[in-house]
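Structure first, commentary second.
The values are calculated or read from the model by the stated rules, or taken from the named source; none is laboratory data. Note that this is a predicted model, so its numbers are computed, not measured. Methodologically, a virtual Cβ is constructed for each residue, glycine included, from the backbone with ideal geometry; neighbour enumeration extends over all protein chains shown. Protein only, heavy atoms only, side chains kept; ligands, DNA and RNA dropped before computing areas. Shrake-Rupley method; radii C 1.70, N 1.55, O 1.52, S 1.80 Å.
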Amino acid sequence: MALSGLDIYKRLPKTNCRKCGFPTCLAFAMQLAKKAVALDKCPEITDEGKAALEASAQPPIKLITIGEGDKKLEIGNENVLFRHEEKFFHPTGVGIILQDSLSDEDITDRLAVINKLHFERIGQEISINLVAVKQTSDSAKFAAAVKKISEATPLGLVLISNDAQSIKAAAAPIAKKRPLIYAADSKNYKEFAALAKELSIPLVAKDADLEKLAELTKSINSEGVDSLILDTAEKPLNKKIWDLTQIRRLALKKNYRPLGYPTLTIIKNNDTYEQVIEACIYILKYTGIVLLEGFDPYQILPVLTLRQNIYTDPQKPLQVEPKAYPIGQVTSDSPVLITTNFSLSFYTVLGELEASKVPAYLVSVDTEGMSVLTAWAAEKFTSDKISESLNKFEIPKKVSHNNIIIPGYVAVMSGDLEEKSGRKVIVGPREAAGIPSFLRNLNS
Amino acid sequence: MPQELLKEQWPNAIDVITIGATSQEGGTRDRAIKVGGQNGLPYLFEESDMPNKPVIAMEVFDIEPVDWPDTLKKPYGDVLSNPVEWAKKCETEFKADLIALRLAGTHPDAGNKSESDAVKLVKDIIANVKIPLIILGSNDEEKDNLILPKCAEVTKGEKCLIGDAAQKNYKTLTAACLAYGHNIIAESPIDINIAKQLNILITEMGLPSDRIIINPTVGALGYGLEYAYSIMERGRIAALGGDKMLAQPFICFVGQEAWRAKEAKASASEFPEWGKELERGILWEAVTASAFLQAGADILIMRHPKSIEIVKENINQLLQK
Ligand code: SF4
């Protein structure tokens, strides 16, 4: 929450001593609110005032980093409760839980699947982020499993145990990979905080009660650790939704520091389907990290797709560059299909075109990222616009025929488009799924 | 001093809509279903109530569906060409809360069934199943305006839910719902202003707001889900904040959207990296449905019995006290 000039002024000494170079404290406060000067230009401010102002200059939900390199995960630093207000910024980290009791062979087999849990959707790569290792055996076995897993995956790690000594033995050798350690509670927090501090790695603070959780983070802060993630323990679905919502509300609306951290949820339900549904609900309801046991691609694809949907910027739909895309081994006889530059429309059509194995030109008209029907209604997908695009993208030079194929939903523009473009307009199917059979019929 | 929790109290609540009428209420259903009535955002029971739980309607078509993948057809066995048996199976075996009869075969391009065909089927369904009924047209304006009023007439007293009315075509259906005591589905194209405008137009014709259900036009997981999700959140916030012309329950056509998605339909041999096909399709529909529950959906129209079972279990967990 950004402070206004007046909010800042209240914290200044109000002596107008001019040491900051401004005639009054108020003038200085106004510049500070605009971030045009730094707070340390005022030598007179009290320590208390300084601490308060510095705290409010931080984001209400701290940004936390786990892992390293190009697979590192950043979560937190969110500004809104509802994505229509602005957007959600840092997509939820999705992780798979493995037990340390697995045999070496099982670990290798599972990681072979887990490492492949990334998919391409509408031009973006979507991927899981974390592997969590849960202690069920002794300290040595846990450390050995963590070592093996760490060597076999580039993903970030979460180490799950309530025994600080076991965690220490497992985490120390891989500390530079910034694993997340789970979890400090009201009893063991001193040990965990010391460990997080020593290894400079992030730490989960866990308590089922929100008030006690806030006390816990304050205690951990006073041990010198503030790279924290919050967990409110296992509880029924709606209670969990309530906790996640409260933490987000208190951080954003009250700038409540003790809960100003991202959250983590662990799915205990191991039903094939229900664990996926639960993970999706927590993604919708603000969780920063979600860990589950299921790792079949059919379980993870919907989770990652939902995350991609919800973290899309509502003000800026995903777009592709408007141009004529040659698909397959095109020739001057290849058909020309028209669509918009809205990523979802474009990639859906592209997928079907590729599946049809018919080489074709796909012309993406600049509709400012609007879908076919929306763009048509908003007059961004008009006969003029399409004719102009055909010329701009040099379709007359690329093909020797005179036909173009338009989406079935805009069949009404056919006549006008024929007139404007001087081309024969063929009305394609309404749904992209109809494209392969449509193209086959066209050729025969 | 500990920070107090932030509990939100809203000045308005969502209208309660009753679908179906028992013999005491002038119909022949074995139960009436109520939706709506919540006075807060979904499932935040520390600050609000949800007197009526979300319900699931199963779709039944008057013609055998052509675009359903085998994984979706299989649980229905041989009833897909027999709408009455299909509806009975949904009621008894799959425990649907409501039947959503889609008169797709009346469309001029899809068989062009006559009004008497449609009326006969509606009567047969009413006679053979006892749960409340949703009647849906074929999306051909002219044909719907001819057929839906007849269907409304022969189901007088049953308090059906009939749809869809749209901004450009709402008068005929509104008049029919008014005359024969039914509820109406008001459809808007992912646009909260049009949703409100349409509700105003319908209520101005005399149909009370507690007989309207909003169809915000949803997209499937991966295919525009987020647009409808945010529109529903915005609509609900406005409604709870006091906008009575948006304070109606939501109906989401989850099944028809989810089963169009490639991820729900494609075979595992085509996309081995996506994993098992049956489970993938089931989850695609169930995740789409569960996401809309979080945005405030009250009625879900669904297809795969297993997806429905999963979502019902999810609803139970959400409502667990
Ligand atoms: S230095 Fe500080 S106290 Fe002095 S005028 Fe500037 S803001 Fe005020």
Next on the checklist: Under a crude label model (7 Å from the Cα following the beta-carbon direction), how far is A:Arg18 from B:Gln167 in nanometres?
Outcome noted: 6.2 nm
Checklist entry - What residue among A:Leu157, A:Leu130, A:Leu337 shows peak mean-square fluctuation when chain A is described by a Gaussian network model with Cα springs under 10 Å? => result A:Leu337
Checklist outcome for this item: A chain fully extended from A:Lys10 to A:Ala172 at 0.36 nm per residue, minus the present Cα-Cα distance, gains in nm 53.7 nm
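Counting only heavy atoms of the protein chains, get the accessible area per residue of region A:18-111 (1.4 Å probe) and round it to a whole Å² value.
51 Å²
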Next on the checklist: So if I take the centroid of the Cα atoms in region A:380-419 and the same for region B:65-108, what is the distance between those two points in Å?
Outcome noted: 40 Å
Next on the checklist: Checking an interface number: how much accessible area is buried between A and B, summed over both chains, with a 1.4 Å probe, in Å² rounded to 100?
Outcome noted: 4600 Å²
Item to check | Unit charges on C-beta of K, R, D, E only; dipole of region B:196-317, Debye | outcome: 180 debye
Item to check | Using alpha-carbon coordinates, inclination of helix A:139-152 to the longest axis of chain A, degrees | outcome: 30 degrees
Checklist entry - Looking at region A:226-242, which residues lose a minimum of 10 Å² of accessible area between their chain alone and all protein chains in place, measuring with a 1.4 Å probe and not counting ligands or nucleic acids? => result A:Pro236, A:Leu237, A:Asn238, A:Lys239, A:Ile241, A:Trp242
Next on the checklist: Please list, in order along region B:82-93, the HN-Hα scalar couplings obtained from phi with the Karplus expression 6.51 cos²θ - 1.76 cosθ + 1.60 (θ = phi - 60°), rounded to whole Hz, x for Gly and Pro.
Outcome noted: 10, x, 5, 4, 4, 4, 5, 4, 4, 6, 7, 7
Checklist outcome for this item: Along the dipole axis of the protein assembly as shown (charges at Cβ: +1 for Lys and Arg, -1 for Asp and Glu; origin at the Cα centre), the most positive-end residue among B:Val129, B:Gln3, B:Ser290 is B:Gln3
Checklist entry - From the phi of every residue in region A:235-243, what ³J(HN,Hα) in whole Hz does the Karplus formula 6.51 cos²θ - 1.76 cosθ + 1.60 yield, where θ is phi - 60° and glycine or proline is x? => result 7, x, 3, 6, 5, 5, 4, 4, 4
Next on the checklist: A 23 angstrom limit on the alpha carbon distance is what I want to check against. Which of B:Lys34/B:Lys244; B:Lys53/B:Lys123; B:Lys73/B:Lys123; A:Lys235/B:Lys312; A:Lys62/A:Lys168 exceed it?
Outcome noted: B:Lys53/B:Lys123; B:Lys73/B:Lys123; A:Lys62/A:Lys168
Checklist entry - For the protein assembly as shown, what is the per residue volume of the convex hull drawn over the alpha-carbon atoms, in cubic angstrom? => result 195 Å³
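Looking at region B:88-178, which GluC sites (Glu not before Pro) are in a loop (DSSP not H, G, I, E or B) and have at most 13 other Cβ atoms within 10 Å?
B:Glu93
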Next on the checklist: Tell me the mean residue ellipticity at 222 nm calculated for chain B from its helices only (DSSP H runs of n ≥ 4, each -39500 (n - 2.57), averaged over every residue, nearest 500).
Outcome noted: -11500 deg cm²/dmol
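Pop the C-beta distance of A:Glu68 and A:Lys187 into the FRET formula with R0 = 25 Å and round what comes out to the nearest 0.05.
Calculated value: 0.25.
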Next on the checklist: Which residue fluctuates most in the GNM of chain B (Cα springs below 10 Å): B:Ala295, B:Ala266, B:Ala57?
Outcome noted: B:Ala266
Checklist outcome for this item: Scaled by the rule-of-thumb 2.2 N^0.38 Å, the alpha carbon Rg for chain A gives a ratio of 1.25
Next on the checklist: If you count only protein heavy atoms with a 1.4 Å probe, what accessible area per residue comes out for region B:216-277, rounded to a whole Å²?
Outcome noted: 30 Å²
Item to check | region A:64-310: equivalent-ellipsoid semi-axes (sqrt of 5 x gyration tensor eigenvalues, Cα, Å) | outcome: 25, 24, 16
Item to check | B:Gln3 paired with B:Asp70, simple spin-label distance in nm, labels 7 Å along Cα-to-beta-carbon | outcome: 5.6 nm
Item to check | Average projection area in nm² (convex hull over Cα atoms of chain B, one quarter of hull surface) | outcome: 17.8 nm²
Item to check | Local electrostatic count at A:Phe142 - Lys and Arg +1, Asp and Glu -1, tallied over other residues with Cβ under 13 Å | outcome: +2
Checklist outcome for this item: Rounded to 0.05, the calculated FRET efficiency for the beta carbons of B:Lys120 and B:Gln24 at R₀ = 22 Å is 0.20
Item to check | Paramagnetic reach from A:Thr331 in region A:416-444 [backbone N under 19 Å; point 7 Å along Cα→Cβ] | outcome: A:439-444
Checklist outcome for this item: Placing +1 on each Lys and Arg Cβ and -1 on each Asp and Glu Cβ in region A:324-440, then taking the dipole about the Cα centre, the residue among A:Thr339, A:Ile435, A:Gly415 whose Cα reaches farthest towards the positive end is A:Ile435
Checklist entry - Roughly how many whole Å is it from the C-alpha centroid of region B:4-47 to that of region A:258-277? => result 28 Å
Item to check | ³J(HN,Hα) computed for each position of region B:292-307 - Karplus, 6.51 cos²θ - 1.76 cosθ + 1.60, integer Hz, glycine/proline x | outcome: 5, 4, 5, 8, x, 4, 10, 10, 10, 9, 10, 10, 7, x, 5, 4
Item to check | Helix-derived mean residue ellipticity, 222 nm - over chain A, DSSP H n ≥ 4, -39500 (n - 2.57), to 500 | outcome: -12000 deg cm²/dmol
Checklist entry - Residue farthest toward the positive end of the dipole of the protein assembly as shown, with Cβ of Lys/Arg at +1 and Asp/Glu at -1: which of B:Cys151, B:Pro208, A:Ser400? => result B:Pro208
Checklist outcome for this item: Regression test value, accessible area per residue of region A:276-384, probe 1.4 Å, units Å², expected 33 Å²
Item to check | Most mobile of A:Lys397, A:Lys187, A:Lys71 in a GNM of chain A (Cα contacts under 10 Å) | outcome: A:Lys397
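Suppose every Lys and Arg Cβ carries +1 and every Asp and Glu Cβ carries -1, with no other charges. What dipole size does the protein assembly as shown come out with about its Cα centre, to the nearest 20 debye?
Here the protein assembly as shown has a charge dipole of around 1600 debye.
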Checklist outcome for this item: In whole angstrom, the spacing between the Cα centers of region A:31-53 and region A:86-157 equals 44 Å
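Taking the Cα centre of region A:5-56 as origin and charging only Cβ (+1 Lys, Arg; -1 Asp, Glu), how large is the dipole, in debye to the nearest 20?
Magnitude of the dipole: close to 240 debye.
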Item to check | the protein assembly as shown, accessible surface, carbon-and-sulfur percent (1.4 angstrom probe) | outcome: 49 percent
Next on the checklist: I'd like the accessible area for A:His401, computed on protein heavy atoms only with a 1.4 Å probe and all protein chains in place. Round to 10 Å², please.
Outcome noted: 40 Å²
Next on the checklist: I'd like the FRET efficiency for A:Ala194 and B:Asp210, computed as 1/(1 + (r/R0)^6) with the beta carbon distance as r and R0 of 51 Å, rounded to 0.05.
Outcome noted: 0.25
